[in-house]
Amino acid sequence: MGQTMYILAGITYYIVSIIIIVLVLNFINNKEKKKYQNEIAGLERDKNLIISSSILSELNKVEALINNDKLQEAYEDWQCRFKEIKEVELPKLTDALLDIEECFNEKDYKTLNDKIAKAELEIFYVKSKANTLLDEIKEITLSEERNRETITKLKSRYREIISKYNNNKNDFKEVCAPLELQFENVDKLFAAFEVAMDSNSYEEVGKIVKGIDDLVGNLEIIIDEAPTIILMGRNLIPNKMRDVKNIFERMTAEGYNLDYLNLDYNIDETDKKLQDIFARLKVLNVEDSILELKVILDYFDNIYNDFDKEKQARKIFDEYIRKILVKANKLEKINNGLYRKLDVIKYSFDLTDDDVKVIEVIKTELIAIKKDYNEIVDAHRNKSFAYTRLGKEMENLNVRLSKTEEKLDVALKSLGNLEAEEQRAHEQLDEIKEILEKAKKKIRSYKLPIIPNNYYVQLSEANTAIKEMIKELNMKPVSIKTLNIRVDTARDLVLKVYNTSSEIVKTAAMVEVAIIYGNRYRPLNKNLDSELNKAEELFYQGEFKKALEITIKAIDVIEPGIKNKLLESVKR
């Protein structure tokens, strides 16, 4: 029973699988069939749309307009092309679509795809021919309406031009004759347009409309730009040229060198450019004229700026011509004084050649500066250069001189500091001796049972350092570097002695006060009595710190905080 069930189940699965496969294949086939049907229907629709009623309608319109051989010839050509599309091209497309239907019915899909692709190209080609034909016909049928609309707009623009011209006729004196001649030409073209329209010469009409549009556009530009060109070219620029020329001649007489401006040459070139602009204006050509005139105006405006720069540069030059010479001579005098004492300075302060090399450098720089200064002055006297260049040269020279002055100031301060440091060392010697004397008085101010050995050791070191310092001060030449080391060493050691003596006296005083204070507790505490005895022994041996520690520690057991009280009592 079990085996039979397995067999039945297998047969059922097999049958179901076959059914599913058949259904899927059928679905795919139907979907592909529907796709091809849609494509064929689309091709049929596109073919039928190629010949529209518009072409026939437009051809009928043309037939009613024919009144010359040229239009008759065009009409016959369009009819032939329409007939070819209708009677030759369309039947071919119909046959191609029938072949596609046949392939579809036979389910020859491979051939069908190729035929569909080929039919699409052929339909597109024929459709393009039909559209081109329709556009050419409409050029005639719609030309009257389009041209009338265009001419109406052109006449409106033209009336505005005439009105602006008549209202401002004085602004067009230079171009009245060519403008009025051009007005006549435009009027003639408007008349020719009407004649061409009456005779249905549509090809000629297009040319006339284009000609009128070009002329009106050019006249608009002339009417807008001519007054500006005339104003700039006949008034503004000539006035600026005369003014600039007068200023140029006056400044040249005052000693300014303005050759670099090439003013005469540029004025001649400007005259030529103005002649060219007005020659073109007379034939109503204003292309780039305003731009060229603005460039010329900007040039002459810049000339005014150049004049102002020259005047300002002359002030700078006149200011520096004396200032630099006075400063250079002063610095040279100071530096020469240092240079003459160079050997003495090197000997007295133990300086190397590198230490005093800056004096040689300054001397060389000052010689070079004075040489360049004389060359600039000679150029000024000979009027070789403009003041803008001379002033700039003087400014650069002044900067160089200022840098040299800074070097000299640094050198003077350095040498002055060397002498001051030697003098200060003598003053510090007196101060060091005074501090040492205070340290000795401090140690003698309190009756110590014994003076600790470290005080004598430090005192000996301090005395030795002072002797070394005195020895260095008495040496010739003095080495400032070594002297400073000796001064620092002596001062540090003397201060150490002073601090040690102060500490010894202060500690000894605190021990004595602490022992006296602790005596009141001797009968009460045997241990305290014993510790105080040890402290006394250490005090008389000069061990003041140890004695103080033992005393405070012993008393602190009975009276905590005793250390602060002792400090207060010592201060009082």
Worksheet entry | Residue among LYS210, LYS273 that is surrounded by 13 or more Cβ atoms within 10 Å (Cβ to Cβ) and in a helix (DSSP H, G or I) | LYS273
Fill in: Single residue of ARG314, ARG234 found to be assigned to a helix (DSSP H, G or I), of a type in the set (Lys, Arg) and touching a Phe, Trp or Tyr at 6+ places or on another chain (Cβ under 7 Å)
ARG314
Item to complete: Identify all residues within the range 529-551 that are in a helix (DSSP H, G or I) and either among the acidic types (Asp, Glu) or surrounded by fewer than 20 Cβ atoms within 10 Å (Cβ to Cβ) (or both); write none if there are none.
Response: ASP529, SER530, GLU531, ASN533, LYS534, GLU536, GLU537, LEU538, TYR540, LYS545, LYS546, GLU549
Worksheet item: Any residue at all in the range 469-486 that is of a type outside the set (A, V, I, L, M, F, W, C), in the same structural domain as GLU537 (by TED's automatic domain parsing) and under 30 Å from GLU536 (Cβ atoms)?
Response: no
Worksheet item: Does LEU261 satisfy the condition of being of a type outside the set (Ser, Thr, Tyr), surrounded by 14 or more Cβ atoms within 10 Å (Cβ to Cβ) and over 26 Å from LYS169 (Cα atoms)?
Response: yes
Discussion item. So the check is Cβ under 8 Å with 6+ separation or different chains; which pairs have a first residue in the range 150-167 that's modelled with pLDDT of 85 or more and a second one that's part of a helix (DSSP H, G or I)?
Written reply: ARG157/VAL216; ARG157/GLU220; ILE161/VAL216; ILE161/LEU219; ILE161/GLU220; ILE161/ILE223; ILE162/PHE183; LYS164/ILE223
Worksheet item: In the range 205-237, which residues are free of Cβ contacts under 8 Å to residues at least 12 places away in the same chain and either among the polar types (S, T, N, Q) or over 18 Å from CYS176 (Cα atoms) (or both)?
Response: LYS207, LYS210, ASP214, ASN235
Practice prompt. Determine which single condition ALA279 fails, assuming it passes every other condition in (1) outside any helix (DSSP H, G or I); (2) aliphatic (A, V, I, L, M); (3) without any contact (Cβ under 8 Å) to a residue 12 or more places away in the chain.
Written response: (1)
Fill in: Selection from the range 501-523 of residues that are buried (at least 20 other Cβ atoms within 10 Å of the Cβ), touching a residue at least 60 places away in the same chain (Cβ under 8 Å) and closer than 30 Å to VAL557 by Cα
ILE504, ALA508, MET510
Discussion item. Which condition from (1) more than 31 Å from the chain's Cα centre (by Cα); (2) closer than 22 Å to ARG389 by Cβ is the one that LEU284 breaks?
Written reply: (2)
Response to the item:
Taking first residues from the range 111-124 that are in contact (Cβ under 8 Å) with a residue 24 or more places away in the chain and second residues anywhere that are loosely packed, with under 14 Cβ neighbours inside 10 Å and in a helix (DSSP H, G or I), the pairs with Cβ under 8 Å that are 6 or more apart or on different chains are GLU122/LYS92
Worksheet item: In the range 326-360, which residue that is among the small types (Gly, Ala, Ser) and at pLDDT 65 or above is surrounded by the fewest Cβ atoms within 10 Å (Cβ to Cβ)?
Response: GLY337
Item to complete: Sort out which residues of the range 282-311 are surrounded by 14 or more Cβ atoms within 10 Å (Cβ to Cβ) and not in a helix (DSSP H, G or I), and write them in order of number.
Response: LEU284, ASN285, VAL286
Worksheet item: Looking at LEU189, LEU219, which is the one that is under 24 Å from LEU274 (Cβ atoms), assigned to a helix (DSSP H, G or I) and of a type outside the set (Val, Ile, Thr)?
Response: LEU219
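The values are calculated or read from the model by the stated rules, or taken from the named source; none is laboratory data. As the structure is a prediction and not an experimental result, all values here were calculated from the model. Neighbour counts run over all protein chains shown; Cβ positions are idealised from the backbone, glycine included.
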